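All remarks here apply to the structure that follows.
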Amino acid sequence: MDAYRVEPFLFIVFQVFWQELLGDRIYSSMQKSRQAINTLIEESQKNQQLSQDLVINLEKCFYAVRKGIAEKCRYELIQRSTFVQYRGSKVYKPPENDRDIKYLEVYIKELDKKLKQLHLKKSEKNIQEILTQISLSSHQSVEETKLYLEQLYLKAEKDCPVSIYKAALRDKENGLQQQIFKSMLLELEENEKLNQIFDIQTYLTLTQMFQKYQNQ
């Protein structure tokens, strides 16, 4: 079986996560943050499994976060709608809600299919393209990072142009950017080598201590 080709676009998912992490004063104060990217590139070039793991983590975040947002939007639309049974299927009212609910259902199935393909071996050439992009983009300015984030929004919106979904993606408190950050933290924490490179466990411990202190 040929190696499964992943989207080169995934480097933007990493860039959004990385800049969000660097923007946290706790992580920025950790000396390891300054060398994490270089270590990641060096180790990934030596360790094919590590590079595979990284891309799987990025893919999982890219698809799972959008699926979660789409599921939430579908639920909200259903709560706002009434329905009738027609030939064994639900038809929601108003009609535009029925259209959007069905669009979201198809989209959720597509993302679920993508998530089930995560175990497939990735193209090594494709992985190196992503790592190169990560290396080149790791020192971008805040403004350049905003452009990357906008590209991420446009990509997600293009795949599902439902109004409630598009608004949810750009939500300032719990939208695509915030969900990718939280999801990547969890993925990196569970991978021993990537956890070590980014020192995620230390960051999470310090963050919990800081939050506990603030709540006293």
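The values are calculated or read from the model by the stated rules, or taken from the named source; none is laboratory data. Here the structure is a predicted model, which is why all the values come from computation and not from measurement. Methodologically, a virtual Cβ is constructed for each residue, glycine included, from the backbone with ideal geometry; neighbour enumeration extends over all protein chains shown.
For region 101-123, does any single residue satisfy the condition of being in a strand (DSSP E or B) and either more than 20 Å from N174 (Cα to Cα) or under 20 Å from the mean Cα position of the chain (by Cα) (or both)? Steps first, answer last, please.
If we filter region 101-123 for residues that are in a strand (DSSP E or B), which is where we start, we get 122.
Those left that are additionally either more than 20 Å from N174 (Cα to Cα) or under 20 Å from the mean Cα position of the chain (by Cα) (or both): 122.
Yes.
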What are the pairs, 6+ residues apart or on separate chains, where a residue within region 80-93 that is under 18 Å from L104 (Cβ atoms) has its Cβ under 9 Å from a residue that is acidic (D, E) and in a strand (DSSP E or B)? none
Go through (1) modelled with pLDDT of 95 or more; (2) surrounded by 14 or more Cβ atoms within 10 Å (Cβ to Cβ); (3) more than 24 Å from the chain's Cα centre (by Cα) for V91 and report which single condition fails. (1)
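If a residue counts only when it is over 28 Å from S29 (Cα atoms) and under 15 Å from the mean Cα position of the chain (by Cα), which helices (runs of 4 or more DSSP H) contained entirely in region 141-216 have at least 1 such residues? Quick ask: steps written out before the conclusion?
Numbers: elements: 142-159, 163-169, 176-190, 192-198, 200-214.
Qualifying helices (runs of 4 or more DSSP H): 142-159, 163-169.
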On the basis of being of a type in the set (A, V, I, L, M) and closer than 30 Å to K125 by Cα, does L50 make the cut? yes
Among the residues in region 183-204, are any farther than 27 Å from Q151 by Cα and among the hydroxyl-bearing types (S, T, Y)? yes
If the requirement is being crowded, with 19+ Cβ neighbours inside 10 Å and modelled with pLDDT of 80 or more, which of these qualifies: I127, I180, I134? I180
Region 144-172, subset touching a residue at least 24 places away in the same chain (Cβ under 8 Å) and of a type in the set (D, E, K, R), residue surrounded by the fewest Cβ atoms within 10 Å (Cβ to Cβ): D159
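Output the number of residues of region 174-210 satisfying the condition of being among the hydroxyl-bearing types (S, T, Y) and more than 16 Å from W18 (Cβ to Cβ).
Start the filter on region 174-210 by keeping residues that are among the hydroxyl-bearing types (S, T, Y), which leaves 183, 202-203, 205, 207.
Add one more test, that the residue is more than 16 Å from W18 (Cβ to Cβ), and what stays is 202, 205, 207.
Of the residues in that region, 3 qualify.
I need the full set of residues from region 42-67 which are surrounded by fewer than 15 Cβ atoms within 10 Å (Cβ to Cβ) and not basic (K, R), in order please.
Scanning region 42-67 gives E42, Q45, N47, Q48, Q49.
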